[in-house]
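The values are calculated or read from the model by the stated rules, or taken from the named source; none is laboratory data. Everything numeric here is computed off the predicted structure, so don't read it as measured data. Please note: Cβ atoms are built from the backbone with ideal geometry, for glycine as well, and neighbour counts cover all protein chains shown. For the accessible areas, the whole protein counts, side chains as well, though only heavy atoms, and no ligand, DNA or RNA atoms are used. Shrake-Rupley method; radii C 1.70, N 1.55, O 1.52, S 1.80 Å.
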Amino acid sequence: LQKSLSETFGADKYSRARKEVLTYMFSRPMQMALYFCTGVLNDETLFHHYALNVPFYTHFTSPIRRYADIVVHRLLSASLGARSPIKMEKEAIQKQADHCNDRKMASKRVQELSADLFFSVFVRVRP
């Protein structure tokens, strides 16, 4: 896919714009990653990362960035014995994950609507 896209972009003055538009169009329909508590899922195939083709996957960044990352850091630390276990039931952790997913979806929707609004204004003011 990347090779095909690179050939499609070309090398003229509009190639960068084509690259941005096509990359956005191809990535938009991809399923967004969701946070979940492994303890509430019985099907381990749901832990699979499609693009990386690995059976078990977790993702997190610096724990100062998002609450979900803080939870993952705490759970990993506890599983490695570096801190005491989190005193939350798995259902409560899943409830937190659901809340993080809702906020992430809302944020993505606002971002998309903002881009649509900007594009509408841009088209309107340009002859």
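Descriptive notes on the structure:
- Close Lys-Lys pairs in segment 1-104, where close means Cα under 28 Å and separation is 8 or more or interchain: 7
- Between the listed residues 57, 101, 40, the Cα displaced farthest toward the positive end of the dipole of the chain, a dipole computed from Cβ unit charges relative to the Cα centre, is found at 101.
- Using Cβ point charges alone (K and R +1, D and E -1), the dipole size of segment 68-115 about the Cα centre works out to roughly 100 debye.
- Applying the criteria of a DSSP loop state and at most 10 other Cβ atoms within 10 Å to the trypsin sites (Lys or Arg not before Pro) of segment 64-97 yields 65, 87.
- Heavy-atom accessible surface of segment 33-126: percent carbon and sulfur, 1.4 Å: 60
- Cα-Cα pairs of segment 33-126 separated by more than 21 Å (percent): 48
- Computed with a 1.4 Å probe on the full set of protein chains, the accessible area for residue 34 sits at about 90 Å².
- 1.4 Å probe accessible area per residue over the chain, in Å²: 84
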